[in-house]
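Here the structure comes first, spelled out in structure tokens, and everything after it is commentary.
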Amino acid sequence: MKKPLSPEPERIRLTQRPRRNRRSPALRDLVRETELSPSDLILPLFVTEGKKQRLPISAMPGQFRFSLDELLKTCEEAADLGVPAVALFPVLPEGKKDKRASESVNPKGLLQETISTIKAKVPSLLVISDVAMDPYSVDGHDGLVRDGEILNDETLPILADMAIVQAKAGADLVAPSDMMDGRVGYLRRALDQAGFHDVGILSYAAKYASSFYGPFREALDSAPRSGDKKTYQMDPANRREAVREALLDVQEGADILMVKPALAYLDIISLVRSKVNVPVAAYQVSGEYAMIKAAAERGWIDGPRAMHETLLAIKRAGADMILTYFALEMARTLRG
Ligand code: PBG
């Protein structure tokens with residue numbers, strides 16, 4: 001008889017067989033290292049003026065610009081599903097925008113009214129409010145613009161006033177997404193002086209100048225009217241700089257740090273997680289959501305599985321919490 005070229009099966013003595021731990025669903029459950037829960041998720045929401053509005057966002061199927069009455073239903077659903085927090089972004093009509101983002105400090109403005117109404121109607125839900133000028137700015141920039149330059153120090157008092165009116169309205173955490181230098185410390189002092197010691201700061205610590213924000217800018221009609229955001233948002237090529245930004249924000253008093261976007265920046269999430277002792281959030285941004293939805297609509301990938309896998313990967317990388325437009329869909333799946 002001819003001798004086989006490969007060793008005979010009975011002669012293979014493998015001590016290590018990692019596949020043993022994958023043999024059944026029960027074993028895989030037992031050895032799983034990362035588990036997602038609805039309590040890891042934060043739902044970003046867009047609020048617009050008016051009543052009974054659910055305006056679709058074309059590049060974000062399943063996401064809407066809600067008027068407050070409709071938004072409340074979504075907030076109730078989030079709370080029922082065990083999603084602990086929403087992150088709010090206002091959509092302003094062009095007529096309410098100006099160079100100084102004046103509407104952002106109107107105590108009766110859309111965002112403030114939304115915050116106080118959610119806190120009154122769904123008190124268990126945490127409200128995180130965005131601190132940045134872009135939704136309110138005719139320039140579409142996160143800071144004050146003069147002669148094409150985004151001014152840092154002149155922007156800080158505007159952000160501080162914004163944070164204070166949001167805190168007054170009842171925000172649990174304010175989330176500066178502007179990337180101006182020194183804003184976390186400036187906001188912390190301003191909030192403390194106004195008596196809001198307990199209002200936390202979730203800082204967008206490592207926020208990159210990313211192509212993945214496109215659908216969000218469509219939703220808010222907030223794309224920069226000229227130039228780009230590269231003088232304040234980070235260069236996607238940089239990694240050490242994320243640590244520098246993270247450590248500064250912790251020093252200045254941030255309660256939670258954020259890395260954004262998420263999937264293309266898993267190394268940054270992991271690195272920041274290893275360098276600080278505060279919780280780390282990651283933001284699976286609009287373009288990440290759009291890519292999964294678009295490919296799933298074409299039947300090119302399995303949407304729900306890609307949703308689960310990407311969120312799991314973001315948590316595995318080190319995120320303690322994830323802002324994601326999938327929050328409700330994911331929570332429903334996890335609830336079975
Ligand atoms: C701006 C802001 C942006 C996002 C959150 N806050 C866009 C930008 O920086 O231009 C993007 C979120 C997303 O894409 O889902 N303050």
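The values are calculated or read from the model by the stated rules, or taken from the named source; none is laboratory data. A quick note: this is a predicted structure, and the numbers were derived from the prediction, not measured. We place every Cβ from the backbone using ideal geometry, glycine too, and count neighbours over all the protein chains shown. What goes into the accessible areas is simple: the full protein's heavy atoms, side chains included, and nothing from ligands, DNA or RNA. Shrake-Rupley method; radii C 1.70, N 1.55, O 1.52, S 1.80 Å.
Of the residues making up the stretch 133-145, none is open to solvent by 20 Å² or more (accessible area, probe 1.4 Å), touching a Gly at 6+ places or on another chain (Cβ under 6 Å) and touching a residue at least 40 places away in the same chain (Cβ under 8 Å).
Can you tell me which of PRO44, PRO38, PRO25 is surrounded by fewer than 10 Cβ atoms within 10 Å (Cβ to Cβ) and within 36 Å of the chain's Cα centre (by Cα)? So the residue among PRO44, PRO38, PRO25 that is surrounded by fewer than 10 Cβ atoms within 10 Å (Cβ to Cβ) and within 36 Å of the chain's Cα centre (by Cα) is PRO25. Contact annotation: residue pairs with Cβ atoms under 7 Å, 6 or more positions apart or on different chains, pairing a residue in the stretch 80-109 that is under 26 Å from ASP40 (Cα atoms) and open to solvent by less than 40 Å² (accessible area, probe 1.4 Å) with a partner that is outside any strand (DSSP E or B) and basic (Lys, Arg), are LEU81/ARG332; LEU81/ARG335. Among the residues making up the stretch 295-321, those that are out of contact with any Asp or Glu (no Cβ under 9 Å at 6 or more places or on another chain) and in contact (Cβ under 8 Å) with a residue 40 or more places away in the chain are GLU297, HIS308, ALA313, ILE314, GLY318.
Residues that are in contact with a Leu (Cβ under 7 Å, 6 or more places away or on another chain) and farther than 18 Å from VAL184 by Cα were ranked within the stretch 128-144; the one that is nearest to the ligand (Cβ to nearest atom) is PRO135.
Taking the stretch 249-336 as the region of interest, none of the strands (runs of 3 or more DSSP E) fully inside it holds 3 or more residues being surrounded by fewer than 18 Cβ atoms within 10 Å (Cβ to Cβ) and within 13 Å of the ligand (Cβ to nearest atom).
Name the residues in the stretch 169-183 that are among the charged types (D, E, K, R), within 22 Å of PRO44 (Cβ to Cβ) and open to solvent by 10 Å² or more (accessible area, probe 1.4 Å), would you?
Once the filter is applied, which keeps residues that are among the charged types (D, E, K, R), within 22 Å of PRO44 (Cβ to Cβ) and open to solvent by 10 Å² or more (accessible area, probe 1.4 Å), the stretch 169-183 yields only ASP172.
What residue, of PRO157, PRO61, PRO123, is away from the ligand (no atom under 16 Å from the Cβ), open to solvent by 10 Å² or more (accessible area, probe 1.4 Å) and either within 30 Å of ASP40 (Cβ to Cβ) or touching a helix residue (DSSP H, G or I) at 6+ places or on another chain (Cβ under 6 Å) (or both)?
Every option except PRO123 fails the conditions.
Here SER203, SER210 are screened, and the one residue that is among the small types (Gly, Ala, Ser), open to solvent by less than 10 Å² (accessible area, probe 1.4 Å) and closer than 18 Å to ALA281 by Cβ is SER203.
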